[in-house]
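A.B. asks: What follows is a structure written as structure tokens; I'll ask about it next.
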Amino acid sequence: MRTRLHALLLLLPAAACTADAPPPEPASIQSADDVTDAVLEAARPDGNWLTYGGNYAEDRFSTLGEITRDNVDQLGLAWTYDIELRGGVEATPLVVGGVMYISSPWSVVHAIDTRTGERLWRHDPGVPRIRGRLACCGVVNRGVALYEGKVIVGTIDGRLIALDAESGDVVWEALTIDPNEAYTITGAVRVVQGLAIIGNGGAEYGVRGYVSAYDADDGELVWRTYTVPGNPADGFESEAMEMAAETWSGEWWVAGGGGTAWDSIIYDPDLDLLYVGTGNGSPWSRHLRSPGGGDNLFLASILALRPRTGEYVWHFQTTPGDHWDYTAVQPMTLADLEFDGRMRRVIMQAPKNGFFYVLDAETGEFLSGQEYIVQNWAEGLDLETGRPTDRPEAVHAEVWTLITPAALGGHNWQPQSFNPETGLMYLPIQEGWVERSEPPDWVYTDLEIEDHSFGPRVNNVGHESRYGARDDAGFLVAWDPQAQQARWTVPLLGYWNGGTMTTTTGLVFQGGGDGRFVAYDAENGDQLWEISTGLGILGGPVTYLVDGRQHVTVAAGWGGSRGRSGAPYGEAANYEQRGRVFTFVLGGTGDMPEPRRKRPVSVPAVAADLPADEASLASGEELYRQYCRHCHGTGGGSEGAMPNLQRATDIVHRNFEDIVLGGSREPQGMPSYEGLIDAGQLRLIQAYIVSQARETLADEEEEAEGGAN
């Protein structure tokens, strides 16, 4: 255990804690026991993959050289691993000493032998499945952290758990939230100077954001920094919160304020600065949460903090007074770039709002910014400060107004990668449009589970794309951060796609929502290799050595905010989306597993015993909308990660009450709704689902007849 003396040492200057010893050699890192502070500071994606972004800079750039442009087309399957759960696989695997550690839906952690793909252990933290109702964007988890023999993970229900890396046994556990509030954790843990750093989500449900640091040895809370101010009557936790409160008005704290730090956290050991991205306001619309206006700090901002204390150093706000859910929690990357004739340590981010930012990492000074995707909410950026000028018609509209990017942004959480040899950032971006309006009579209620946008009404629409596509569209873009322009662009089949990884041999790897895993030429975007997995791919690939040979791994499984009920694309749309890990090696001869095809829509035999009158179906629809739609989609017709109830078998319908009220499928992710609805209400819901299945079948028959004619 760490001692109080250690806690005091954490407050000393960086020079007092950093030895002048050379960085450890990769060959000396044999297991998770060897992952120390010094190892993490020197880490690069070479023989191992030790941190979420490959290193503290999170550039996801590998120096391994066996797989090249000339031989990448010889990649074949080495092994696969079945994650077994639905819900969206967003994790980046970590690899050390021949063992892979990966998180999956419901915060389950897996340890896998990288030679064979066999399971070494599996830890299910036992998150109550009913808690999934508070996860706005799926019961996902983006990754674990390694530190001194431990695997540390955050859970959907707000815990931080350290597991023994060899056995999977719990070493310590800490509750990071008030369990009575609608917080969740989906982001990857980072470990910095012996502290496990974690934020949380929940801004859509009325919470106040913060980031916390726990002693990685024993789970004791060391510091907590809030990202938005609370009720002034309670006093302010710091001078930074007092300063931030001057940019708010009204009683913003009643609805929490938001600003949750649900994803990106990075660290620069040379500057000794921790960078935290913050999220949207609660509610979304500023005039509802802060009627007098103001920038509402620190929403949609990058915060620079001292890692030992959480003390505020500087901030840069990408979207002042955010109205559109344009978070700045998207991936950040550190690099050394030349600006104005001299090298600068910079931080780069492409947040949701559609602009790519380059900032001085030491001071937060705005160096440059430019649109990386079409946007129409701002006139542009001030060239000196980087502050946007809002278009008045985009800020507050009681009539439907066309806005882009949509709420999922031009770039979301999907990892980016930066190749210092090409000087390019490889960005998974997306273009979507919404019609948006704001109800004049909106009032806050505690947990708006169904209307979790907290204020504005939105309606997804298609529109002409800058890149020549219609409707929602996705792209892989090679972005030059110095010239602030795209060097090449690859159109993708759909809107929601995976993260990227790049190599010293001039490759870029990315998975797509269509289930393809692809290698591109980093110089020009030419496709060099692809393989179809049948499962939509969202997370970031990794590469590492096994017995001296380079392997590439990607985890697949559709889901998350776009994919909870929305369908994947292309061939993947035909298959059920249960997670799987795929690993490839040059000359691999493994057989790709056959994904499970979706069942056809059907009307069950129990339909004859269910009510079919208009009043019953209307009641069933209202109950379904309140309790079921968030996961299973409109009318039970989810085509994403969650089961399509219109495709449910007779067995499911015969056991409907046992499943929904009895909790017989809780281990698979379906919670018991006992106490929320009764058997009579459930019967109405079931009748409504069956009626929707009938309508779908009738539509399919009509389309088939039309095609035949």
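A.B. asks: Quick check on my filter: what residues within the stretch 486-510 are surrounded by fewer than 24 Cβ atoms within 10 Å (Cβ to Cβ), part of a strand (DSSP E or B) and of a type in the set (Ser, Thr, Tyr)?
C.D. replies: Within the stretch 486-510, 489 is the sole residue that qualifies.
A.B. asks: Considering the stretch 123-139 alone, what residues qualify as being open to solvent by 20 Å² or more (accessible area, probe 1.4 Å), in a loop (DSSP other than H, G, I, E, B) and of a type outside the set (Asp, Glu)?
C.D. replies: Answer for the stretch 123-139, where residues must be open to solvent by 20 Å² or more (accessible area, probe 1.4 Å), in a loop (DSSP other than H, G, I, E, B) and of a type outside the set (Asp, Glu): 126, 128, 136, 137.
A.B. asks: Next question. With (1) over 19 Å from residue 388 (Cα atoms); (2) out of contact with any helix residue (DSSP H, G or I) (no Cβ under 8 Å at 6 or more places or on another chain); (3) open to solvent by 10 Å² or more (accessible area, probe 1.4 Å) as the list, and residue 266 as the residue in question, which single condition is left unmet?
C.D. replies: Unmet for residue 266, out of (1) over 19 Å from residue 388 (Cα atoms); (2) out of contact with any helix residue (DSSP H, G or I) (no Cβ under 8 Å at 6 or more places or on another chain); (3) open to solvent by 10 Å² or more (accessible area, probe 1.4 Å): (3).
A.B. asks: On to the next question. Search the stretch 273-302 for residues being in a loop (DSSP other than H, G, I, E, B) and among the aliphatic types (A, V, I, L, M), and hand back the single one that is nearest to the chain's Cα centre (by Cα).
C.D. replies: Filtering first and then ranking leaves 300.
A.B. asks: Right, next: Kindly establish whether residue 161 is among the hydrophobic types (A, V, I, L, M, F, W, C), in contact with an Asp or Glu (Cβ under 6 Å, 6 or more places away or on another chain), part of a strand (DSSP E or B) and at pLDDT 95 or above.
C.D. replies: Spelling it out, residue 161 is indeed among the hydrophobic types (A, V, I, L, M, F, W, C), in contact with an Asp or Glu (Cβ under 6 Å, 6 or more places away or on another chain), part of a strand (DSSP E or B) and at pLDDT 95 or above.
A.B. asks: Restricting attention to the stretch 174-184, which residues are assigned to a loop (DSSP other than H, G, I, E, B), among the aliphatic types (A, V, I, L, M) and over 19 Å from the mean Cα position of the chain (by Cα)?
C.D. replies: 177
A.B. asks: Are any residues in the stretch 628-647 open to solvent by less than 40 Å² (accessible area, probe 1.4 Å) and assigned to a helix (DSSP H, G or I), and if so, which ones?
C.D. replies: 630, 631, 632, 635, 636, 645, 646
A.B. asks: Okay, next question. Residue by residue through the stretch 289-322, note down the ones that are closer than 15 Å to residue 249 by Cα and either open to solvent by less than 40 Å² (accessible area, probe 1.4 Å) or acidic (Asp, Glu) (or both).
C.D. replies: If the condition is that a residue be closer than 15 Å to residue 249 by Cα and either open to solvent by less than 40 Å² (accessible area, probe 1.4 Å) or acidic (Asp, Glu) (or both), then 289, 290, 293, 294, 295, 296, 297, 298, 299, 320, 321, 322 are the ones that fit.
A.B. asks: How many of the residues making up the stretch 211-254 are among the hydroxyl-bearing types (Ser, Thr, Tyr) and surrounded by fewer than 24 Cβ atoms within 10 Å (Cβ to Cβ)?
C.D. replies: Going through the stretch 211-254 one residue at a time, the tally reaches 5.
A.B. asks: Yes or no: residue 233 touching a residue at least 12 places away in the same chain (Cβ under 8 Å) and either within 27 Å of residue 577 (Cβ to Cβ) or among the small types (Gly, Ala, Ser) (or both)?
C.D. replies: In short, no.
A.B. asks: Residues being closer than 20 Å to residue 63 by Cα and in contact with a Gly (Cβ under 8 Å, 6 or more places away or on another chain): count how many of those fall in the stretch 509-541.
C.D. replies: So the answer is 7.
A.B. asks: Does residue 616 qualify as being closer than 24 Å to residue 89 by Cα, of a type in the set (Ser, Thr, Tyr) and either more than 24 Å from the chain's Cα centre (by Cα) or open to solvent by less than 20 Å² (accessible area, probe 1.4 Å) (or both)?
C.D. replies: no
A.B. asks: Being of a type outside the set (Lys, Arg) and touching a helix residue (DSSP H, G or I) at 6+ places or on another chain (Cβ under 7 Å) is the requirement here; does residue 427 meet it?
C.D. replies: In short, no.
A.B. asks: Here is a further query. Can you tell me which residue among 609, 591, 658, 650 is farther than 30 Å from residue 677 by Cβ and open to solvent by 60 Å² or more (accessible area, probe 1.4 Å)?
C.D. replies: Exactly one of 609, 591, 658, 650 is farther than 30 Å from residue 677 by Cβ and open to solvent by 60 Å² or more (accessible area, probe 1.4 Å), namely 591.
Rundown of residues vs (1) open to solvent by less than 30 Å² (accessible area, probe 1.4 Å); (2) assigned to a loop (DSSP other than H, G, I, E, B); (3) modelled with pLDDT of 95 or more; (4) closer than 30 Å to residue 589 by Cβ, yes/no style:
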residue	(1), (2), (3), (4)
103	yes, no, yes, yes
115	no, yes, yes, yes
121	yes, no, yes, yes
141	yes, yes, yes, no
151	yes, no, yes, no
167	no, yes, yes, no
186	yes, yes, yes, no
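A.B. asks: While we're here: Find the residue count for the stretch 364-385, including only residues that are of a type outside the set (Asp, Glu) and farther than 13 Å from residue 353 by Cα.
C.D. replies: Residues in the stretch 364-385 being of a type outside the set (Asp, Glu) and farther than 13 Å from residue 353 by Cα: 6 in total.
A.B. asks: Considering 126, 168, 154, 138, which residue is more than 24 Å from residue 414 (Cα to Cα) and under 22 Å from the mean Cα position of the chain (by Cα)?
C.D. replies: From the options 126, 168, 154, 138, the qualifying one is 126.
A.B. asks: Specify which of the listed residues (96, 108, 89) is open to solvent by less than 10 Å² (accessible area, probe 1.4 Å) and either under 20 Å from residue 546 (Cβ atoms) or of a type in the set (Ser, Thr, Tyr) (or both).
C.D. replies: After ruling out the rest, the residue left standing is 96.
A.B. asks: Of all residues in the stretch 416-444, which are part of a loop (DSSP other than H, G, I, E, B) and either modelled with pLDDT under 65 or buried (at least 24 other Cβ atoms within 10 Å of the Cβ) (or both)?
C.D. replies: Passing the criteria: 416, 432.
The values are calculated or read from the model by the stated rules, or taken from the named source; none is laboratory data. The structure presented is a predicted model; accordingly, all values stated were derived computationally and were not measured. Ideal geometry is used to build each Cβ from the backbone, glycine not excepted, and the neighbour counts take in all protein chains shown. For the accessible areas, the whole protein counts, side chains as well, though only heavy atoms, and no ligand, DNA or RNA atoms are used. Shrake-Rupley method; radii C 1.70, N 1.55, O 1.52, S 1.80 Å.
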